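Just so it is clear, none of the values below were taken in a lab; they were calculated from the coordinates. The structure presented is a predicted model; accordingly, all values stated were derived computationally and were not measured. Counting neighbours? That spans all protein chains shown, and the Cβs are built from the backbone with ideal geometry, glycine included.
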Amino acid sequence: MTLTAHEKAFLMSSIRDIHDFPKPGIVFKDITTLLADKEAYAVLMKHLHERYASYNLTHIAGIDARGFIFGAALAQMLGVGFVPIRKKGKLPYTTVSEKYSLEYGVDEVEVHIDAFSNVENPRVLLIDDLIATGGTAYAAANLINKVGALCVEACFIMGLDFLNGHVKVSELVNVYTVIGVD
């Protein structure tokens, strides 16, 4: 259920660094290269499946938009439902929203009000590609609980550990990061 040091290094080597994106001084971690590498993607998804097979999940909730890639695939592998958590104004039905702070301002995520109503006692895994400061993930986990589900864990493919976002999110839910970057 744990990745070996070799597997972590393999996954990390499949992620491209883009310097000075989206602004000078930032090193963007580009997961599109991991997705394009069928072996790396298979190692990652096999690991996630093994980790979460015994969690008795009813749903995976993926954060807009890269969380959709991992979340939908994992939901299919586990035989559970997938629920998108979207940026404000992107969902067509009645929603519940949660605001969160950004470096300069506020943003908002939403979920359908009945997203988890198709089962009794919904147990949800929240997933996204990256955790940085934790604002979006904290809002998403809070949103899951707000609509009557239990967010059992928040999973991130990569964590920028030096920004301590995992500490904030762990106030609400257990946090698991596949690859931590110091």
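A few comments on the model shown:
- Failed item in (1) out of contact with any helix residue (DSSP H, G or I) (no Cβ under 7 Å at 6 or more places or on another chain); (2) farther than 26 Å from VAL43 by Cβ; (3) surrounded by 20 or more Cβ atoms within 10 Å (Cβ to Cβ); (4) of a type in the set (Gly, Ala, Ser), with SER117 passing the rest: (3)
- The range 77-88, residues that are assigned to a helix (DSSP H, G or I) and surrounded by fewer than 18 Cβ atoms within 10 Å (Cβ to Cβ): MET77
- ILE113 meets each of the listed conditions (1) touching a Phe, Trp or Tyr at 6+ places or on another chain (Cβ under 6 Å); (2) of a type in the set (A, V, I, L, M, F, W, C); (3) over 30 Å from THR2 (Cα atoms) apart from (1).
- Restricting ASP128, ASP107 to those that are among the acidic types (Asp, Glu), in contact (Cβ under 8 Å) with a residue 24 or more places away in the chain and either surrounded by 22 or more Cβ atoms within 10 Å (Cβ to Cβ) or part of a loop (DSSP other than H, G, I, E, B) (or both) reduces the list to ASP128.
- Only a single criterion out of (1) within 23 Å of PHE116 (Cα to Cα); (2) in contact with a helix residue (DSSP H, G or I) (Cβ under 6 Å, 6 or more places away or on another chain); (3) surrounded by fewer than 14 Cβ atoms within 10 Å (Cβ to Cβ) is not satisfied by SER101, namely (1).
- Condition met for ASN164 (within 17 Å of the chain's Cα centre (by Cα), over 30 Å from ARG16 (Cβ atoms), of a type in the set (S, T, N, Q) and surrounded by fewer than 19 Cβ atoms within 10 Å (Cβ to Cβ)): no
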